[in-house]
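The values are calculated or read from the model by the stated rules, or taken from the named source; none is laboratory data. Since the structure is predicted, the reported quantities are computational estimates derived from the model, not experimental observations. Positions of Cβ are generated from backbone atoms using ideal geometry, with glycine treated the same way; all protein chains shown enter the neighbour counts. Heads up: the accessible areas ignore ligands, DNA and RNA and are worked out on the full protein's heavy atoms, side chains in. Shrake-Rupley method; radii C 1.70, N 1.55, O 1.52, S 1.80 Å.
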Amino acid sequence: MTEAQATPQTGKRVLLAKPRGYCAGVDRAVQTVEEALKLYGAPIYVRKQIVHNKHVVQTLEAQGAIFVEENEEVPEGATVIFSAHGVAPEVYEQARERSLKAIDATCPLVTKVHQEAKRFAAEDYDILLIGHEGHEEVVGTAGEAPAHIQLVDGPDGVSKITVRDPEKVVWLSQTTLSVDETLETVARLKQRLPLLQSPPSDDICYATSNRQHVVKEIAPECDVVIVVGSRNSSNSVRLVEVALDAGARAGHLIDFAQEIDDAWLADARTVGVSSGASVPDELVQDVLAHLAARGFADVEEITTANERLTFSLPQELKRDMKAAAARG
Ligand code: SF4
C-alpha cells in the first residue's frame, strides 16, 4: 500500500480486512435457531448465547428465542438449543432428565476437539488444554474428561501444571485463541515436557487464524484498527490484541458504529476495520458508513484468504424439517 493510493481529496482511507465476520460455525448456529423458530414456533430456548454477539442475540430474542444459562430454566419437554461453543456431556444428560428436545448447534470444529479429548483420555493421556479459564468452550471440552484435563491459561499458566507421566502428555486448545500466543505457550510447555505431543490437526480453527492473519497484514499501516465484536467474544478480543502486536497504533473493540469516538479518528489517516467470527456484516457496513461520513470514504478491501466452508444443520433439526416438508 503506498501513499499514492490514498484518496487524493482527504488522504484518509480505510483498509477493510477479508476474511472477517461470520464463520461457518456461527452461520450454522444462527440458522439453527432461525429454522427451529420457523419449524416449532416460539418460544425456542437457547442455552447460553448462541454465539457471542450482542446484536445477534437481540435479533433472535425479538424473533422468539429465549436465552437461558442452564437447562433447569427450560420448561420440561420444551426445545432447547445448545450454543456453538459446545457443552459437557452432563448437559446432555440434564436435558434427557428434563425430557427436553435438545438440538446441538456446537460447531463441528469444536466437536472435533471434544473427540480428541475423549480419545486421548481413553488412552490415559494427561491432556493440557490451552484456553481461557471460564470460557464456555473450555468448560465444555474439559467436561469430556475432567480427570485427564488440565487448563493452561496462556504462557504464564505453564509453571502450574503437573503431569503423571511426561512421556504421555498431549496439548489441545480452544478454537479461538491467538495463534502466536498459543505457539509461545506450546514452546514453554515443550521446554518443561520435551515429549509433549501435539494435536493431530490444528485446534485453532481456520476462521480464527484467517481473521488474525489479515489483521496482521493491515495493522502496520493503520493509525487505528476498529474491530466489530462483543467483549465476550474470544476471537474478536484476540483481533484487537493481534492488531496492536502487529503495529497498529491503536485498536478498539466495538459492538456498534455509534461507539466510535471521534477522538480516535482525529489524527488518523488510515483506519483498519475487521470483525469477529460472530459478527454479521451489516454491522461492519454501519461502521464503514460512519467512517465515510467523517471523511474516510476510500475503502480498500485487503484479502488474504477466500473461505468457502459451510456446515450442514444439526441432524436432529434436518430430520424434523424433512418430516415437516413431507407432511406438506
Ligand atoms: S470461530 Fe471457529 S470454532 Fe468457533 S464457531 Fe467459528 S468456525 Fe467454529
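List of remarks:
- Close amide H contacts of Ala277 (hydrogens built in the peptide plane, cut-off under 5 Å, sequence separation of 5 or more or a different chain): Ser236.
- Accessible area of the chain divided out per residue, in Å², using a probe of 1.4 angstrom: 45 Å²
- Within the same chain, aspartates and glutamates fewer than 8 places from Lys38 are excluded, and of the rest, those with a Cα less than 19 Å from its Cα are Asp27, Glu61, Asp104, Glu316, Asp320.
- Using alpha carbons only, the radius of gyration of the chain set against its Kirkwood radius gives Rg/Rh = 1.01.
- Approximate spin-label separation Ala292-Ser99, in nm, with each point projected 7 Å along Cα-to-Cβ: 5.5 nm
- Rg and Dmax, both from the Cα atoms of segment 109-192 and both in Å, are 11.7, 30.
- Measuring between alpha carbons in the structure, the pairs from Lys54/Lys118; Lys48/Lys318; Lys12/Lys54; Lys118/Lys322 lying more than 27 angstrom apart are Lys54/Lys118; Lys12/Lys54; Lys118/Lys322.
- Accessible-area rank, largest first, for Cys222, Cys23: Cys23, Cys222, with all protein chains present and a 1.4 angstrom probe.
- Over 29 Å apart at the Cα level, from the set Lys101/Lys168; Lys168/Lys216; Lys112/Lys216, are Lys101/Lys168; Lys168/Lys216.
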